[in-house]
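Below is one structure; the comments refer to it alone.
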Amino acid sequence: MAGGPGSSVAYSEQVPKQQPRPEPLDPPMVPFALAGIVAWAVAGVVLLLFRDRLAASGNEDWLWICLAGFLWGFPGLAVMMRHDAHRRRRRAAN
């Protein structure tokens, strides 16, 4: 029984060495912001085609939700552009 309680193998030899930690992902974020803006715009256009049906079922607010998501995407895009600029500076410094 190698490595048991009575063995003479040192503890450090029994414990596997720790693997180095992988670098965290830091992808460019602008494409994600643009994809979100486009997704809200497409959803709004699709819902616009069914406007009468939405109004009849009392779900016309969905159009306003799509508009809000689309418009809030622009401040988010500005933040992500700034984030990516800082990311490029960080990588250039290394």
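The values are calculated or read from the model by the stated rules, or taken from the named source; none is laboratory data. Model, not experiment: these values are computed from the prediction. Reconstructed Cβ throughout: ideal geometry from the backbone, glycine too, with neighbour counts over all protein chains shown. To get the accessible areas, we keep the full protein, side chains included, count just its heavy atoms, and leave off ligands, DNA and RNA. Shrake-Rupley method; radii C 1.70, N 1.55, O 1.52, S 1.80 Å.
Ranking PRO16, GLY36, CYS66 by Cα position along the charge dipole of the chain, where only Lys, Arg, Asp and Glu carry charges on their C-beta atoms, puts PRO16 farthest toward the positive end. Note on Rg/Rh (Cα atoms, Kirkwood Rh): of the candidates [x] 1.46; [y] 0.98; [z] 0.94, the value calculated from this structure sits at [x].
Probe of 1.4 angstrom, ligands and nucleic acids ignored: what's the accessible area per residue over the chain, in square angstrom? Could the numbers behind the result be given before it?
Values: 8040 Å² over 94 residues.
Heavy-atom accessible area per residue stands at 86 Å².
Counting only protein heavy atoms and using a 1.4 Å probe, what share of the accessible area of the chain belongs to carbon plus sulfur, as a whole percent? Before the final figure, lay out each step's value.
Details: 5270 of 8040 Å².
Of all accessible area on the chain, carbon and sulfur atoms account for 65 percent.
Summed over qualifying helices (DSSP H, 4 residues or more, each -39500 (n - 2.57)) and divided by its residue number, the chain shows a 222 nm mean residue ellipticity of -22500 deg cm²/dmol.
The angle separating the long axis of helix 30-49 from the principal Cα axis of greatest extent in the chain is about 40 degrees. Placing unit charges on each Cβ (+1 for Lys and Arg, -1 for Asp and Glu) gives the chain a dipole about its Cα centre, and among ASN94, LEU25, VAL45 the Cα reaching farthest toward its positive end belongs to ASN94.
Rounded to the nearest 20 debye, the dipole magnitude of the chain is 460 debye, with +1 charges on Lys and Arg beta carbons, -1 on Asp and Glu beta carbons, and the Cα centre as origin.
Largest first, how would VAL42, VAL15 line up by accessible area (1.4 Å probe)?
My answer, sorted largest first, is VAL42, VAL15.
Accessible area per residue was computed with a 1.4 Å probe on protein heavy atoms; VAL45 scores about 90 Å². With every protein chain in place and a 1.4 angstrom probe, the accessible-area ranking of LEU25, LEU67, LEU77, LEU49, largest first, reads LEU25, LEU49, LEU67, LEU77. Counting only heavy atoms of the protein chains and using a 1.4 Å probe, ASP84 has close to 10 Å² of accessible surface.
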